[in-house]
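Written out below as C-alpha cells is the structure these notes cover.
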DNA sequence: TACAAAAGTGGAACCGGTTCCACTCCGGAT
DNA sequence: ATCCGGAGTGGAACCGGTTCCACTTTTGTA
C-alpha cells in the first residue's frame with residue numbers, strides 16, 4: 001500500500017514550484033511557459049498524479065458534487081431518474097452523492113445536514129414537504145436547490161421541474177369519461193404534496209367540464225409508502241356502488257394497487273377500466289397491457305441537472321424557474337367503453 | 001448568503017482553543033474537562049456549527065465515503081441493490097457516491113479514477129471484467145474493494161459477495177427436467193463474466209445428472225446491454241426443434257426476453273415453460289405469474305457493506321472473503337409438465 | 001509532605017491543494 | 001538610453017479541520 005504523489009512531488013520532480021503545477025492544472029489561472037507546461041504534464045503522467053478532491057474543495061469552499069435526495073430507489077420512477085441524473089452529471093465532471101429519505105422528514109433533515117457538511121454545490125430533491133426552514137437555510141448558504149417532481153409552495157425561491165400534473169390527471173379522467181364512465185376512482189398521493197393536490201384538481205376539472213358530479217369517496221389520497229394503494233383499491237371495490245374506472249396516479253402505489261386487482265380476480269377492462277401513472281415498462285407486458293401516463297424521466301433529469309449546473313456557473317438569471325414537461329398518455333388495452341354488462 | 005462558522009469561531013466564542021473543540025468533536029481523542037465540554041457543545045449548538053467534511057478528509061487522508069459502481073439503475077436489480085446499500089451505509093454515517101458504467105470498461109476506468117480523487121475508503125462494485133490493473137492499483141492505494149454479484153478471477157485478493165449462481169442455475173434446470181423437458185434453453189450473461197460461466201456450469205451439471213445431452217445451440221450467452229435477450233429468444237423460437245423450456249438467467253435481459261415472448265403470442269406455460277432470474281415484483285402480476293429465482297438483494301447489500309466497513313475499521317482478518325448467499329426458487333405458474341400437445 | 005502519574009490545555013505543524021503578491025526578466029515604445 | 005508593461009516564476013498565506021507535543025494543574029499514593 002503505497003501512497004499517492006502530491007502536487008509537491010510533481011513540482012520537485014519537474015523542477016518547478018507548486019504554483020506552476022497548479023497553474024498547469026487549472027488553465028486560465030495564470031501564465032506558464034510552454035516548455036515548462038510540457039514538462040509538468042509529462043511528470044504528472046509519469047507519476048500518475050491526480051489532485052486530491054478534498055484539498056481542492058477545502059480551498060474552493062465548495063465541492064464539484066451534487067446531492068440527490070429521493071424517497072427510495074425501489075420505486076422505478078426514482079431509480080430511473082437517478083440513473084439519468086448520474087449519467088448527465090458525469091458528463092459534466094460532477095459527482096452525485098445519493099441519499100434516500102423514505103418519505104421521513106427526519107431522515108430528510110439528516111440528509112440535508114450531511115450534504116451541507118460535504119459542501120455540495122447543488123441539490124436535486126424530491127422533498128417530503130417538511131423541513132421548510134432547513135431548505136431555506138441550505139439556499140441561504142449558497143447551495144443551489146432544485147425540486148423535481150414535487151414542489152413546496154412555501155419555498156418561493158426554488159427552481160422546480162415537474163410533469164404537467166394537472167393536465168395529465170385531467171386528460172386521463174377525460175378519456176375515461178369519454179368512454180362513458182361516470183364513477184371514476186382516483187388513487188393519488190397525499191394532499192399535503194403538490195402532486196397530490198394538482199392531480200386531484202385535474203381530475204375535478206375534467207368532471208366539471210363534463211358536468212359530472214364528483215363523489216369525494218372516489219378520491220383516495222394515500223401515503224407513498226406501504227401498501228396503502230392496495231388497501232384503497234380494496235375499499236373502493238367493496239363500495240356498494242363501486243367505480244367502473246380507476247386512475248392510479250400515485251406512482252409509488254401502482255404496484256400494490258395492481259396487485260390487489262390481480263389478486264382480487266378483477267377482469268380488466270371488462271369490470272374495470274384502468275389507467276396508471278407509470279415509469280415501468282412491465283405495464284406493457286401485462287394482460288392486458290395497461291394504459292399509462294408515461295412520465296418523461298429523461299426530460300425531468302436533464303432539466304433539473306441543467307438548472308443546478310447553470311446556477312452553479314451563475315449562467316442563469318435570478319429568480320426561480322418552473323419547468324413543466326408534458327407527460328404522454330399511452331392508451332393500451334386496459335380501458336373499455338362502459339356497457340351495461342360492466343356493472344356487476 | 002452568509003457563511004458557515006468554523007472550528008475557530010467556536011473556539012473563540014467558547015473561550016477555549018481549537019484543540020479542545022476538536023477533542024469534543026472526536027471523543028476518545030483526548031481529555032476534556034466536563035464543564036468545558038458542556039460549554040463547547042452549547043456554543044456549537046448556538047452557532048449551528050458543523051465540521052466541514054473536506055477539511056476532515058484532507059487531514060485524515062481518506063473520506064467517510066464509499067463508491068458504488070454499478071452498470072445502470074434502470075435495471076431493477078441494481079436499483080434495489082443501491083437502495084439497500086445507501087440505506088445501510090447511512091446507518092453507519094457513511095455516504096455513497098454513485099457511478100454507473102453502462103458495462104463500458106472505459107467509463108468504469110474513469111469512475112475508478114474519480115473515486116480515487118475523492119479518497120473514498122471503499123468501493124462496492126459490479127465490475128465489467130476489465131481494468132484488472134486499475135482495480136489492483138485501487139487496492140494498492142488502500143481502498144477496500146468488494147465485488148458484488150460478479151467477480152474477476154484474476155483478482156485473487158478481492159472480497160466477493162454473490163448468489164449461488166451454479167446452484168441456482170442447476171436447480172431451475174433440474175426443475176424443468178423433472179417436468180419432463182429435454183430441450184431447455186438458457187439465456188445468460190456473457191461467458192466473459194463469472195456469473196455467465198457459473199450459470200452455464202450449473203445448467204450443464206443438471207443435464208449430466210439426468211444423463212441428458214446438452215445441445216450447445218440452446219445456450220445463449222448474450223450481452224447485458226441492449227435487446228440481446230429478445231433477439232436470442234427470437235432465434236431460439238425459430239429453431240427447427242425449438243425448446244419447450246426456457247431459463248432467462250441474465251437479469252438485465254429478462255425484460256426484453258419476456259417482451260419477445262408476449263409479443264410473439266407464445267402461450268405460457270402450454271407452449272413454453274419459463275423461469276427467470278429476477279428482482280422485479282412485477283413477475284408476480286403477469287398472467288401467468290412467472291416462476292423465478294429470487295435474488296436476496298438485502299443479503300447482498302448487507303454483506304457487501306459489512307465487508308467494506310469491516311475492512312475500513314480493520315476488524316476483519318486478512319485474506320479475501322467469498323460470501324455466497326442462497327437464492328430462492330419460487331415456482332409459480334409459468335412451468336408445466338411436458339406433454340405431447342406441448343410440441344408444436 | 002513529596003513526588004510521580006494522569007488529566008487538562010493550547011500552540012503549532014500538517015494534510016494538499018489554490019491564490020495573492022512580489023520579484024525578475026524581457027521586448028517595445030518614447 | 002530609459003522607462004513601462006506584461007509574461008513567467010516561486011514564496012507564503014490560506015482553506016478548516018486533526019494531532020503531536022510541551023506545559024500546567026490535579027490527583028493519587030507511598
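Cα axis of helix A:194-209 to longest principal axis of chain A: angle in degrees, 0 to 90, nearest 10?
Roughly 40 degrees, rounded to the nearest 10.
Tell me the mean residue ellipticity at 222 nm calculated for chain B from its helices only (DSSP H runs of n ≥ 4, each -39500 (n - 2.57), averaged over every residue, nearest 500).
So the calculated ellipticity at 222 nm is -13000 deg cm²/dmol.
Can you tell me the orientation of helix B:228-237 relative to chain B, as the angle in degrees between its alpha-carbon axis and the longest Cα principal axis, to the nearest 10?
Compared with the principal axis, the helix lies near 10 degrees.
Helix B:34-47 against the longest principal axis of chain B: what's the angle in degrees, Cα atoms only, rounded to the nearest 10?
Long axis of B:34-47 versus the principal axis of chain B: about 70 degrees.
Using a label point 7 angstrom from Cα along Cα-to-C-beta, what distances in nm, from shortest up, separate residue A:289 from the other copies?
Sorted ascending, the copy-to-copy spacings read 2.5 nm.
Along Cα-to-Cβ, 7 Å out, sits the label point; list in nm, shortest first, how far the one on residue A:330 is from those in the other copies.
Taking the point 7 Å beyond Cα along Cα→Cβ, the inter-copy spacings are 2.4 nm.
Using the Cα atoms of segment A:105-242 to build a convex hull, what is its mean projected area in square nanometres?
Approximately 9.4 nm², given one-decimal rounding.
Taking 7 Å along the Cα-to-C-beta vector as the label spot, tell me the residue A:3-residue B:235 distance in nanometres, rounded to one decimal.
So the two model labels end up 5.4 nm from each other.
Take the alpha carbon gyration tensor of chain B, find the square roots of its eigenvalues, order them as a ≥ b ≥ c, and report rounded if a/c is under 1.5; if not, report prolate when a/b exceeds b/c, else oblate. Mind dumping the intermediate values first?
Numbers: a/c = 3.05, a/b = 2.67, b/c = 1.14.
Prolate, because a/c is 1.5 or more and a/b exceeds b/c.
When the gyration tensor of segment B:70-175 is built from Cα positions, what are the square roots of 5 times its three eigenvalues, in whole Å, from largest to smallest? Display every interim value, and only then the final one.
Values: eigenvalues 114, 62, 38 Å².
Three semi-axes, in Å: 24, 18, 14.
For a Förster distance of 35 Å, can you work out the FRET efficiency between the beta-carbons of residue B:104 and residue A:157, rounded to the nearest 0.05? Before the final figure, lay out the partial values.
Numbers: r = 39 Å, r/R0 = 1.12.
With a Förster radius of 35 Å, E is 0.35.
With the Cα gyration tensor of segment A:263-344 giving a ≥ b ≥ c as the square roots of its eigenvalues, does the rule (a/c under 1.5 for rounded; else a/b larger than b/c for prolate; else oblate) give rounded, prolate or oblate?
Prolate is the answer for segment A:263-344, as a/c is 1.5 or above and a/b outweighs b/c.
How big is the gap, in Å, between the Cα center of segment B:295-344 and the Cα center of segment A:13-92?
For segment B:295-344 versus segment A:13-92, the Cα centre distance is 37 Å.
Would you mind telling me the antiparallel percentage of the DSSP bridges in the protein assembly as shown, rounded to 5? The partial results should precede the final answer.
Working: 9 of 83 bridges.
Taking every DSSP beta bridge with both residues in the protein assembly as shown, the antiparallel ones total about 10 percent.
Mind running the shape call on segment A:1-117? Use the C-alpha gyration tensor, a ≥ b ≥ c as the square roots of the eigenvalues: rounded below 1.5 for a/c, prolate if a/b tops b/c, oblate otherwise. Before the final figure, lay out the partial values.
Working: a/c = 3.00, a/b = 2.61, b/c = 1.15.
The shape class here is prolate.
Cβ neighbours within 10 Å, averaged per peptide: list A:312-325, B:162-175 in order, most packed at the top. Kindly include the intermediate steps, with their values, before the conclusion.
Numbers: A:312-325: 12.4, B:162-175: 22.5.
So the peptides A:312-325, B:162-175, ranked by packing, come out B:162-175, A:312-325.
Mind jotting down a quarter of the surface of the convex hull over the alpha carbons of segment B:7-51, in square nanometres, one decimal? Mind dumping the intermediate values first?
Details: hull surface 10.6 nm².
Convex hull of Cα atoms, orientation-averaged projection: 2.6 nm².
For peptide B:89-97, how many partner chain Cβ atoms fall within 10 Å of a residue's Cβ, on average?
Numbers: counts 2, 7, 0, 0, 2, 0, 10, 5, 7.
Counting Cβ atoms of other protein chains within 10 Å of each residue's Cβ and averaging gives 4.
Please give, to one decimal in nm, the separation of the simple spin-label points placed at residue A:28 and residue B:325, each 7 Å out from Cα toward the Cβ.
Once both label points are built, they end up 4.7 nm from each other.
Restricting to chain A, what percent of DSSP beta bridges are antiparallel, rounded to 5? Walk me through the numbers on the way to the answer.
Details: 3 of 40 bridges.
The answer is about 10 percent antiparallel.
From the label point of residue A:264, set 7 Å from Cα along Cα→Cβ, how far away are the matching label points in the other copies, in nm, ordered shortest to longest?
3.6
In whole Å, largest first, what are the principal axis extents of the Cα atoms in the protein assembly as shown?
Extents along the principal axes, in whole Å: 81, 70, 56.
Looking only at other chains, what is the average number of their beta-carbon atoms within 10 angstrom of each beta-carbon in B:52-64? Intermediate results must be reported in sequence, preceding the final value.
Numbers: counts 9, 11, 15, 5, 3, 7, 8, 2, 1, 4, 1, 4, 3.
Per residue, the average neighbour count from other chains is 6.
At a threshold of 8 angstrom on Cα-Cα distance, excluding pairs fewer than six apart, so keeping six or more, what relative contact order does segment B:7-51 reach in percent?
Working: 34 pairs, mean separation 18.5, N = 45.
Relative CO of segment B:7-51 lands at 41 percent.
Taking every residue in A:76-82, how many Cβ atoms of other protein chains lie within 10 Å of its Cβ, on average? Display every interim value, and only then the final one.
Details: counts 7, 0, 3, 10, 5, 1, 8.
That average works out to 5.
On alpha carbon coordinates alone, what is the Rg over Rh value for segment A:232-276, Rh being the Kirkwood radius? Write out the running numbers ahead of the final one.
On the way: Rg = 9.7 Å, Rh = 10.6 Å.
Across segment A:232-276, the Cα-based Rg/Rh ratio is 0.92.
The numbers here are math on the coordinates, done by the rules we state, and not lab data. Everything numeric here is computed off the predicted structure, so don't read it as measured data. Neighbour counts are summed over all protein chains in view; Cβ atoms, including those assigned to glycine, are modelled from backbone coordinates with ideal geometry.
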